Amino acid sequence: MTTVVPTSEEDPALAVVRFASELAWADAGPEIAEPQVTRLCVEAQECIVMGRWFDLVSLMLTSADVIFSKVSEKDLECIFTVICNVVTKSESPDEALEMAKLISAKITQQTDKPALRLKILFNLYNLLENPYSRFYVYMKALNLAIDGKVTENVVPSFKNIDSFLKEWNLGLLDERNLFLAIANVLRENKSSGKDSFRFLTKYLATYSTEDALTLGEAKEEAVRTVVEFVKAPDMFQCDLLDLPAVGQLEKDAKYALVYQLLKIFLTQRLDAYLEFEAANSTLLKSYGLVHEDCIAKMRLISLLDLGSDENGQIPYNLIKDTLQINDDEVELWVVKAITAKLIDCKIDQMNEVVIVSRCTERVFGQHQWQALKTKLATWRGNVANVISTIQASRITEDGSQGVQGLMIR
């Protein structure tokens, strides 16, 4: 198959129309094909002369299905580079957006050759100047990546999301859809649970109590987010309880138990979880939660809670009873908590006490802010005392030197 190579003798867009129409009518015989090819080329020429760019793109895409099935990937990329380039000719952002929508719709209509289709979409993205048009194409690319199972091709772009958001200047609804789409890509890609959880949380945070009519649509994703948090072995802190989208689950007939489970993991200890599991083991299994994994996480969380409550010193016996473990497992679980960077502490084996110097907070609400305020006030007072002591020492030292000077005279 011959690659379409634009020359100075013919406009690239016209060359693509000619190539595509000849391919589309190839089986009809020259008597039927030639008039059709000529007609399409004349129509394309008129569009170019009159600046009817949307009509030109529509005409160029007419045989896109045939092109995708009969042309090599190298030729396809060349053809669609020419088609996508037409968007740069329009002086109207609205027309450019409509052309982008038309091209995106045709590209995402099927999912064969997904990597190539994604490449075409990103080429289109880079040719567009209007921020919203870029956002529109990017969203199409995310959905294509999921449908075509090539999510690994879009995941690297997520590190630039913050700069994209500044550029696109999206409204609340578009921002909401973006965060959910990214979370879905990360789930399909089986990426880090933390990354998926982060964007799910961003999605849920776009809902407020004022959105009474739309808040309900976030229930399923709120449940999914709770389950991801409980399931993740390396996540021990979140602010889900503060989100209205999650809070609505508390009084929901279907999902109240999910909310209760979240509250146990964020505010209670192992004994509360074991009691919950005994009554709701089927529920946990239905969400893919493994009992043994939940126990392991709750043991670390319970140890974390002990470090927050016991004035920095935790007796071995208290750890053993709270975590429901044997005597010889106490230090093992303390080391696990240190490895997970949940606590900083020293193990006093002689006195069988764990001395905690820092511990991660599972939630950071009003109580935690107040505690931080108290600590800062204490530190400020201590620093002020040190400064006063230093100043007093200097005054005394200066006075002594003055007296010595008088004695020498």
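A 1.4 Å probe run over the protein chains yields, for the stretch 35-116, 47 Å² of accessible area per residue, whole-number rounding.
Rolling a 1.4 Å probe over the protein heavy atoms gives the stretch 146-238 an accessible area of 50 Å² per residue. Of all the C-alpha pairs in the stretch 67-141, what % are more than 14 Å from each other? Every Cα pair in the stretch 67-141 considered, those over 14 Å come to 56 percent. Gain on full extension, evaluated as 0.36 nm per residue between GLU331 and THR209 minus their Cα-Cα distance, stands at 39.4 nm. Working value for the stretch 232-334: equivalent-ellipsoid semi-axes of 26, 16, 11 Å, each the square root of 5 times a Cα gyration tensor eigenvalue, largest first.
For the stretch 151-244, applying the loop criterion from DSSP together with a ceiling of 16 other beta carbons within 10 Å to the GluC sites (Glu not before Pro) yields GLU210. Per atom type, the chain shows carbon and sulfur on 52% of its accessible surface, probed at 1.4 Å.
A Förster radius of 45 Å combined with the Cβ-Cβ distance from ALA105 to LYS251 puts the calculated FRET efficiency at roughly 0.60. For the stretch 158-294, the convex hull drawn through the C-alpha positions has a volume of 115 cubic angstrom per residue.
So I have (1) -0.31, -1.07, -1.14; (2) -0.31, -1.18, -1.26; (3) -0.46, -1.10, -1.20, and one of them is log10 I(q)/I(0) by the Debye sum over Cα atoms at q = 0.06, 0.13, 0.14 Å⁻¹ calculated from this model. Which one is it? Correct label, based on the coordinates given: (3).
Comparing GLU43, GLU129, GLU275 in a Gaussian network model of the chain (Cα springs below 10 Å), the most mobile by mean-square fluctuation is GLU275.
The values are calculated or read from the model by the stated rules, or taken from the named source; none is laboratory data. All values reported here derive from a predicted model rather than from experimental measurement. Please note: Cβ atoms are built from the backbone with ideal geometry, for glycine as well, and neighbour counts cover all protein chains shown. Side chains are part of the model used for accessible areas, which takes the heavy atoms of the whole protein and leaves out ligands, DNA and RNA. Shrake-Rupley method; radii C 1.70, N 1.55, O 1.52, S 1.80 Å.
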